[in-house]
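Here it is: the structure, laid out below.
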Amino acid sequence: VTLAGSGASTYTWDNGVTNGVSFQAKTTKTYTVTGTDANGCVNTATSIVTVNDLPTVTATANQTVCYDASVTLAGSGASSYTWDNGVSNGISFLAKTTKTYTVTGTDVNGCVNTATSIVTVNALTTVIATANQTVCYDASVTLAGSGALTYTWDNGVSNGVSFQAKTTKTYTVTGTDANGCVNTATSIVTVNDLPTVTATANQTVCYDASVTLAGSGASTRSEEHTSE
């Protein structure tokens, strides 16, 4: 606040005020100036400075979230609020790095105050899934995740428990770490159909006759002899 007198030659203020020199107003007061003219005559005038308290601004409590989580920050205790770091009051945003956010609140008197909110961002865990594999129809397959604390697979798969693969599928594992942060990985199981193998037709021969058996529909053959 700057107080100054006029109408005289010199001015003296009470309460430690210097004429025309600014000072910080902390309480409501009446300030009196004594003016002296060229004839040495004096008179007084007063100026009342009413001091409004600053608003008590509060911000959303500090919080810890996972990378790219949705966060909403809001101020209270004032009439309008302005946040730094590009945040809008009460509007969610995606938190990517740990930051201290400051809100400036302005009340109906135009008085301002600030508050801060710290958003701590935990990195996502790096989840790894069993490598892609190619198997035959109905083969036993085991899928497992690593890099996190717990794992949940889609398509009815249990982590580390074998199952029979019947169709080609992409399996997704969701891993959750100790902070509750999650990430995903995928494993593709390609299932090849079983070959349609045919054998030489049944036949009836005499003892010690020459017989030729052959398979078809595959690449290699292994024959089993059954005698009665």
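The values are calculated or read from the model by the stated rules, or taken from the named source; none is laboratory data. Worth saying up front: this structure is predicted, and the values here are computed from it rather than measured. Counting neighbours? That spans all protein chains shown, and the Cβs are built from the backbone with ideal geometry, glycine included. What goes into the accessible areas is simple: the full protein's heavy atoms, side chains included, and nothing from ligands, DNA or RNA. Shrake-Rupley method; radii C 1.70, N 1.55, O 1.52, S 1.80 Å.
Which whole-number percentage describes the relative contact order of region 124-228, with Cα contacts under 8 Å and a sequence gap of 6 or more?
Values: 195 pairs, mean separation 28.4, N = 105.
Contact order relative to length: 27 percent.
Oh, and also: Determine the relative contact order of the chain: mean sequence separation of Cα pairs under 8 Å and six or more apart, normalised by residue count, in whole percent. Write down the numbers at each step before the final one.
On the way: 477 pairs, mean separation 28.1, N = 228.
Taking the mean separation of contacting Cα pairs over the length of the chain, I get 12 percent.
Can you give the relative contact order of region 1-62 as a percent, counting alpha carbon pairs under 8 Å and 6+ residues apart? Write down the numbers at each step before the final one.
Numbers: 96 pairs, mean separation 19.1, N = 62.
Relative contact order, region 1-62: 31 percent.
I would also like to ask the following. Using a cut-off of 13 Å between beta-carbons, work out the net charge of the residues near T190 (Lys and Arg +1, Asp and Glu -1, T190 not included).
Values: positive: K166, K169; negative: D193.
Net local charge, T190 excluded: +1.
Over what distance in Å are the Cα centres of region 156-217 and region 31-91 separated?
Their Cα centres are 72 Å away from one another.
For the chain, set up a Gaussian network in which alpha carbons nearer than 10 Å are linked by springs, and say which option among N43, N62, N52 fluctuates the most.
Judging by the Gaussian network model, the answer is N43.
Taking all protein chains as present, what is the carbon and sulfur share of the accessible area of the chain, in % to the nearest whole number, probe 1.4 Å? Don't jump to the answer; show the numbers that get you there.
Working: 7120 of 14630 Å².
The value for the chain is 49 percent carbon and sulfur by accessible area.
Using the charge dipole of the chain (Lys, Arg: +1 at Cβ; Asp, Glu: -1 at Cβ; taken about the Cα centre), state which of Y11, Y67, S146 has its Cα farthest towards the positive end.
It is Y11, whose Cα lies furthest towards the positive end.
Write out the cysteines belonging to the chain for which the nearest other cysteine Cβ is not under 4.7 Å, or none if no such cysteine exists.
When partners are defined as cysteine Cβ atoms under 4.7 Å apart, the chain leaves C41, C111, C136, C206 without one.
Mind putting a number on the dipole of the chain about its Cα centre? Charges go on the C-beta only, +1 for Lys and Arg and -1 for Asp and Glu, and I need it in Debye to the nearest 20. If you can, show how the numbers build up before the last one.
Details: 7 positive and 14 negative charges, 165 e Å.
In debye, rounded to 20, the chain gives about 800.
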